[in-house]
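Undergrad: One structure follows; several queries about it will come next.
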Amino acid sequence: MNQNFKKIFPSFSNVLVEDINANAINQSFVTGDVIMRTGQYIKNTVLVLSGSIKIYREDDDGGEFFMYYLQPGQACAISMICATKNEKSQIMAKVVEDVELVMIPLPLMDKWMMQHRSWYEFVIDTYRNRFEEVLEVINSIAFKAMDERLEFYLKRHKDACGCKDLKLSHQEIATELNTSREVISRLLKKLEQRGELKLHRNHIELLK
């Protein structure tokens, strides 16, 4: 187990960490790997030790809509729900920065909810935080114009990476916001003219 595990998950009790050490499996994936696909059954709960994952909702035609990031110290609430109900995944998870994961077998999730208070609280906090984030996304889609949605999108990526240099292409943004590349390019150009960002080839430098 990663030596920094307790630092990454400080709320976990020592007894829970011992149980994780005894039962979980470490697994690594590289950028571009899809670690969870829409329609597959989920066999493990995933804890993120390092790296970054994007969670998407897919439509029937294969279109992708970006929902949220998974980063160190986090777990995917939607996959947890599917796992506990033994349902097929409703999301797709793609690695955007090489990740190291802790894979916890499905049968242990319910067992630990009863045995470990710190696991119970972690799961509830994960549900609550993701619910609030998904509400923000819904609010953006339902009540904001595309220029506001784009600014919200860029802010989420900035907050997720803790940086102002976003490695995003115009087409990637358009795909994740379910619009055309031309619309995104036009709106980004407007933001550049307002001095809020600087456009580069395949990355965007935020100035504010």
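The values are calculated or read from the model by the stated rules, or taken from the named source; none is laboratory data. Just so you know, these numbers come straight off a predicted model, no measurement behind them. Reconstructed Cβ throughout: ideal geometry from the backbone, glycine too, with neighbour counts over all protein chains shown. Each accessible area value is taken on the protein alone, full model and side chains, heavy atoms only, with ligands, DNA and RNA left out. Shrake-Rupley method; radii C 1.70, N 1.55, O 1.52, S 1.80 Å.
Undergrad: Roughly speaking, what % of Cα-Cα pairs in the stretch 145-206 are separated by over 16 Å, rounded to a whole number?
TA: Cα-Cα pairs in the stretch 145-206 separated by more than 16 Å: 36 percent.
Undergrad: So who's got an amide H within less than 5 Å of the one on Val96, skipping anything under 5 residues away but keeping other chains? H placed 1.01 Å off N, in plane.
TA: Close amide H contacts, sequence-distant or interchain: Gly32, Ser52, Ile53, Lys54.
Undergrad: State log₁₀ I(q)/I(0) for the stretch 1-115 at q = 0.21 Å⁻¹ as given by the Debye formula over alpha-carbon point scatterers of equal weight, solvent excluded.
TA: Values, matching the q order: -1.22.
Undergrad: Note the count of lysine pairs whose C-alpha atoms are less than 16 angstrom apart in the stretch 145-206, limited to pairs 8 or more residues apart or on different chains.
TA: Close lysine pairs found across the stretch 145-206: 9.
Undergrad: Where a Cα-Cα gap under 18 Å defines reach, which lysines qualify for Lys111, not counting those fewer than 8 residues away within the same chain?
TA: Cα-Cα hits under 18 Å: Lys43, Lys85.
Undergrad: What residue among Val99, Ile25, Val183 has its Cα farthest toward the positive end of the dipole of the chain, where the charges are +1 on Lys, Arg and -1 on Asp, Glu, each on the Cβ?
TA: About the Cα centre, the residue reaching furthest to the positive side is Val183.
Undergrad: So, one more: Roughly to the nearest percent, how much of the accessible area of the chain is carbon and sulfur, given a 1.4 Å probe?
TA: That fraction is 49 percent.
Undergrad: Please determine, in degrees from 0 to 90 and to the nearest 10, the orientation of helix 14-23 with respect to the longest principal axis defined by the Cα atoms of the chain, where the helix direction is its Cα long axis.
TA: Between helix and principal axis, roughly 90 degrees.
Undergrad: Roughly what angle does helix 181-193 make with the longest principal axis of the chain, taking Cα atoms, 0 to 90 degrees, to the nearest 10?
TA: Taking the Cα atoms of the chain, the angle to 181-193 is about 70 degrees.
Undergrad: Moving to a separate point now. Using the Karplus curve 6.51 cos²θ - 1.76 cosθ + 1.60 with θ = phi - 60°, work out ³J(HN,Hα) for each residue of the stretch 119-133 in order, rounded to whole Hz, and write x for Gly and Pro.
TA: Those phi angles translate into 5, 4, 5, 5, 5, 4, 5, 4, 4, 5, 5, 6, 4, 5, 5 Hz.
Undergrad: What are the ³J(HN,Hα) couplings of the stretch 148-159, residue after residue, when phi is run through the Karplus curve with 6.51, -1.76, 1.60 and θ = phi - 60°? Round to Hz, x for glycine and proline.
TA: Residue by residue, the stretch 148-159 yields 5, 5, 5, 5, 5, 4, 5, 5, 4, 5, 4, 5 Hz.
Undergrad: How high is the relative contact order of the stretch 31-171? Use alpha-carbon pairs under 8 Å, at least six apart in sequence, and give a whole percent.
TA: Contact order relative to length: 27 percent.
Undergrad: Quick check for me: using +1 on Lys/Arg Cβ and -1 on Asp/Glu Cβ, what's the dipole size of the chain about its Cα centre, in debye to the nearest 20?
TA: Magnitude of the dipole: close to 360 debye.
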